[in-house]
Every structure is written in structure tokens, then in C-alpha cells.
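The values are calculated or read from the model by the stated rules, or taken from the named source; none is laboratory data. Bear in mind the structure is a predicted one, so any value in this text is a computation, not a measurement. Virtual Cβ from ideal backbone geometry, glycine too; neighbours counted across all protein chains shown. Only protein heavy atoms, including side chains, enter the accessible area calculation; ligands, DNA and RNA are left aside. Shrake-Rupley method; radii C 1.70, N 1.55, O 1.52, S 1.80 Å.
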Amino acid sequence: MRLNNKLYLALGMAFTTTLLAGCGGSSGGANNVTPTPTTPAVPDTTPPTWQAGRFDSSTQFANRCAAPRSGIDPFENKAYPDVAGTAMHEKMWLRSFSHETYLWYDEIIDNDPNGFATVAAYFDQLKTFETTASGRDKDEFHFSESYEDFKKESQDGVSASFGINWTIPQTRMAYVGYIDDNTPAADAGVQRGDRLLKVGDIDFATFNSRDIAQYNQVLAAFIPQKDQTVTLTLLGRDGQEKTVSLTAKDLALVPVKNSQVFEFEGKQIGYVQFNQFVASGQADLIAAFNQFSQNNVDELVLDMRYNGGGLVFQASQLSYMIAGSQSNNRTYSVKTHNDKQSSKNEPLGFVDQSINWTTLEYNNDQLPSAQMNRVYMLTTNDTASASESVINALRGIDVEVILIGGNTRGKPYGFLPEQNCGTVYYTIQTKSANEKGFGDYEDGFIVTPQANIIGEIGLDAKVPGCVLSDDFTKELGDKTEGLFAGALHHISTGACPTNEASRQARTTQTFMNTNNAAPFDLPFQPLKHGAVYTTIKQGK
């Protein structure tokens, strides 16, 4: 995995390292990338000529590769489309493809591709460098990955991992958000709340991120390759240091955990931890909502504090399973392309059927629904993209959303993964809005006390709720864990907890909102922060 294929974000921004097959805001499916041209490419080893301001069709350059693959694609069981070409063909394809589909194509500087040593370096700058109102980069989600990694993640639902899902609530402060069972991390005794001190002999808090050797060594703790072994020194939540040696394996993603229904002050409460919008999570998500529906839950707590996004159609399914009949004939989202692609602008309704993700067809069934007028969502800066689209969609049909935790990441955008010459590229192509036309949450949804919202007209990025710190002293799903307990407190009293945890959370939130340019960077895996659209056909 090339470092320059990943988006660089400050370590103050939270992230997890379980890779997804596409996330919040695009037009791609779980198992497919955009189709390649229908006419086979013709070999051409003469580099094309760049001319400023002139853009030929991307199809003229597609699949002409400096190092063409040969033989049969094991994922598709057909010949690779590659033919002999040059690196300049690959760059010119990226240039034209970006000019055709990038949401802010008119903000890309048309630099001479010959000035960039690699295709990856050229792609990295084919984006806008404008900023949001808060000073963040407008496009923090521009990246690529290998075709093999993409297919393995999307088709098989696996990725190379230790089983650790990290979160970084502050600069140079990485915690284990949760671990998956029966993984190298679980077997080694790694627990939620363990804080990363060292990777090998390198101190995480003070390492020199400009030293490529140190950088790569630290990176391996977060984005390992299969069979790679890393030694980590961790500070346990019991205050004791421990050193573990972990070897990465291809592990199945675990999107749904800790589903439960219990009685609380005479009410039936439903809770589920939902980590990723991926096809493999559909069955367990449906099972959870069958449980909620059959038990007639009065309140629902949806824990998406580490859910960075995924399949938009699944996000629409989740929204239907929350809202039920309130969503009838309503719009989940409308995606808007650039002015060249405006014919593709289209609404997506609330999806009330399960999906066969192999054939990309709806099944002939009806999803369960909890029929909630209100939902509590546990959120942090890791909550992004498709997760945020659920918040936005429900608010668009007047389902009350109460956020417990921290402000969300901020990504109303999407992309369609596009493959060329063995690399899958992600470049922002759409922006989404809800039924009421609101989609301006580029800096995230802001958790706001109810008193500060009353009287305001229309929707904005302020969402009622309670600012609370992520509680690393307790396991997720524990009713005494800080965010979960905060939701129960609000259910009981209609108000937020007024305690030290709340005060500390407000302080942390201020830090996160005002310190957007931390001095140390690591590659960020934005597949956790994307929304992938796809075309689902009507089932037979």
C-alpha cells in the first residue's frame, strides 16, 4: 500500500483501520467499480501530449498501462483489460476523468503531468485546495488503493488487520476503540481503552513523522499488510504497560455488535453498535431490527461512534428500519453532480427491501422497522459520511435525532470507485441533501444543547444533544459506559448529564473545532469516510 495513495490527515482526527469497500457519498457498489470502456483499448507506447486547457475523453487513455497486467482477473474470471501504454497515458486518463467527473473540476489546477515523477503523485494534486468555513481542506477524501485490496475488501468482506479498531481523539493520542473477537489482538489481551505508547522502539507521541523510516514503522500499527508483525507497547486502562507482538491476518469485518433490548424505567430500550455500512452487515442489522420490532422498543440507541461510512443503499435501509412508514414516498437523499454530469442528479428513496449484493437486485421482502419518532445516536469525530447521511435523512422527514457524544466528521460528499491499470481511484463526484434540501454539514453535525436551538427556523448543522467524552474505561454496550449512560440519562430526564465527563468533553470538542492543522500527519483511510452509491435492479 503506497503511502501517497492515502489521504493525509492530522493525528487529531480520529480514524479506524479496518478498511471498507467504499464509503459515504458515491456511486459505486460493494462488488463493482465503474465499468471500463466497452471497446478494448489499443496498445500505444507513444506518450500522449499534454496541452493546457484541452481535455480529450478519458476513454482515449483508459487501460493503456505502463505495466499492463496479463492473464485472468481472479475476482472477475475474465481477462484483464490492460494493454501496453505509458505512465503518461495513465496520467492523462486521470486528468480527463477528473475534469469530467470531479465535483469541483474547475478548481483543479491543470499542471503539466510531465512534472510529476509518478502517477500517484500526479493524482494526489488533482483536487481542490480550497477550505471550508472552519479552515479544513474542502476535500480531505481524495485517495486510491490497489485493485486487489479493493476487491478483497468489497467482495470477500475481509482486510489485513490485527483486529484493532483505533480512534485518535486528540493529536498523538491513539486508543483502542474496540477489538473484534478471535483476532490476534483479542488473543494477545488487547482491550478497548488501551493507549498506544510505542510501535517497536518508536515513541508514538514524539516520533518524527518526516522521517520516512519512523513514519512507515508507526503506520504499520494502523494499516498493516497481511502477515506483517508489529510490536506494540500499550498503556492498559488499569494503568499497567504491556507489550504485545501481533501478526496481521485477513480478517472478516464485524459491522454489527452488542444488539440488545432491555427494560429501563418502565421502557423497552433497544441498543446496537453499528460499525460499518458493508454488504456483510445486512443480515445482522436486519436481525437487530427484528428484535427491536418484536419487542416494541420505546427508545432506540444507535451506537455509530466509530462508523465512518459505507454503502449508501444500506444507510437508506437503516433509515427505513428506524423510521418505518414515516418514510413512505419520501426522499432519503438527492445527489448532485457537477454541471457536466447533471443528468445523473437523482433522488434515492428510503429502501424498504433487503438487497442481494451479489446480483445487485432487491429481494422480494419487507425490512423490519422499529417505527421510531426519535432516535439517540452515539457519535464522535469518527462518525462520518453514510452515518451522517442517516442523521440528515431522518431530520429531513422530521424524525427527532438526538446526538450523544461529539461532533461528527463532516462529509456530505460521495464518489464512485474507478479502476485503471490495477489501481482504484476515489475522487469526489457528488454532494447529497435530504428531503428538505439540506446538505451543508461540511464541518460535521454540531452537538448542541436544546436551549441553543429553540426558535431557529429550518435545518442547519446544529443537532440537539449532549457533548460527552468517549468513555474508554468501559466496554461498548455496557449501560454504564459514558455515552450509553448519557443517552439513558437523557431518556430518563430529558436533559444532559451535568458532570465532569460532560465538562471535559466540551473542552475536548473546543480543541477539535479550533485546531484543524495539527503538525503531525498519518495517512487516513477514507474508505471509512465515504458513501458509495450503486444501481440496484428490481429483483425477479
State the percent of C-alpha pairs, over all pairs in the stretch 58-130, separated by a distance greater than 19 angstrom. 41
Candidate lysines - alpha carbon under 16 Å from K436, same-chain residues fewer than 8 apart omitted: K335, K462
Between T358 and K344, with labels modelled 7 Å along Cα→Cβ, what's the label distance in nm to one decimal, could you check? 2.9
Two-site label geometry, D44 and Q60: point separation in nm, points 7 Å out along Cα→Cβ: 0.7
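Work out the FRET efficiency for K436 and R69 from their Cβ-Cβ distance, taking R0 = 60 Å, and round it to the nearest 0.05.
Efficiency at R0 = 60 Å is approximately 0.80.
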Total formal charge among the other residues, if their Cβ is under 15 angstrom from that of Y332, Lys/Arg +1 and Asp/Glu -1: 0
Place +1 on the Cβ of every Lys and Arg and -1 on the Cβ of every Asp and Glu in the stretch 159-251, take the dipole about the Cα centre, and give the residue among I179, T167, I223 whose Cα lies farthest towards its positive end. T167
Report the paramagnetic label zone for A186: residues of the stretch 255-285 whose backbone N is under 12 Å from a point 7 Å from Cα along the Cα-to-Cβ axis. 255, 257-258
Go through R64, R95, R237 and list them by solvent-accessible area, largest first, probe radius 1.4 Å. R237, R64, R95
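For the stretch 371-467, which GluC sites (Glu not before Pro) are in a loop by DSSP, counting at most 12 other Cβ atoms within 10 Å?
The qualifying sites are E456.
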For the stretch 90-142, listing chymotrypsin sites (Phe, Trp or Tyr not before Pro) in a DSSP loop whose Cβ sees at most 14 other Cβ atoms within 10 Å gives F129
Mind scanning K152/K431; K198/K474; K138/K344 and naming the pairs with a C-alpha gap bigger than 25 Å? K152/K431
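Largest first and in whole Å, what are the equivalent-ellipsoid semi-axes of the stretch 384-450 based on the Cα gyration tensor, each being the root of 5 times an eigenvalue?
In descending order, the three semi-axes are 28, 13, 9 Å.
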I'd like the FRET efficiency for K242 and M173, computed as 1/(1 + (r/R0)^6) with the beta carbon distance as r and R0 of 25 Å, rounded to 0.05. 0.90
With no solvent and one equal point scatterer placed on each C-alpha of the stretch 298-342, evaluate the Debye formula and give log10 I(q)/I(0) for q = 0.13, 0.23 Å⁻¹, two decimals. -0.44, -0.98
The stretch 159-251: Cα Rg divided by the 2.2 N^0.38 Å rule of thumb: 0.99
Under a 1.4 Å probe, counting only protein heavy atoms, E361 has an accessible area in Å², nearest 10, of 40
At q = 0.17, 0.26 Å⁻¹, work out log10 I(q)/I(0) for the stretch 224-295 with the Debye formula, treating every Cα as an identical point scatterer and leaving solvent out; two decimals please. -0.82, -1.07
Starting from 0.36 nm per residue, how many nanometres of slack lie between A213 and Q450 once their C-alpha separation is accounted for? 80.5 nm
Here, K479 and F116, labelled 7 Å along Cα→Cβ, have an inter-label distance in nm of 5.5
Select from Y105, A87, Y122 the residue farthest towards the positive end of the dipole of the stretch 58-130; place +1 on Cβ of Lys and Arg, -1 on Cβ of Asp and Glu, and compute about the Cα centre. A87
Using Cα positions and a limit of under 17 Å, work out the aspartates and glutamates in reach of K340, with same-chain residues fewer than 8 apart set aside. D56, E100, D106, E107
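Give me the percent relative contact order of the stretch 378-468, please, defined on Cα pairs under 8 angstrom at least 6 residues apart. Could you put the intermediate results ahead of the total?
On the way: 168 pairs, mean separation 27.8, N = 91.
Reported as a whole number, the value is 31 percent.
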Please go through the stretch 319-366 and write out the trypsin sites (Lys or Arg not before Pro) that DSSP classes as loop and that have at most 14 other C-beta atoms within 10 Å. K340
Its Cα gyration tensor gives the stretch 359-412 an equivalent ellipsoid whose semi-axes in whole Å, largest first, are 24, 16, 10
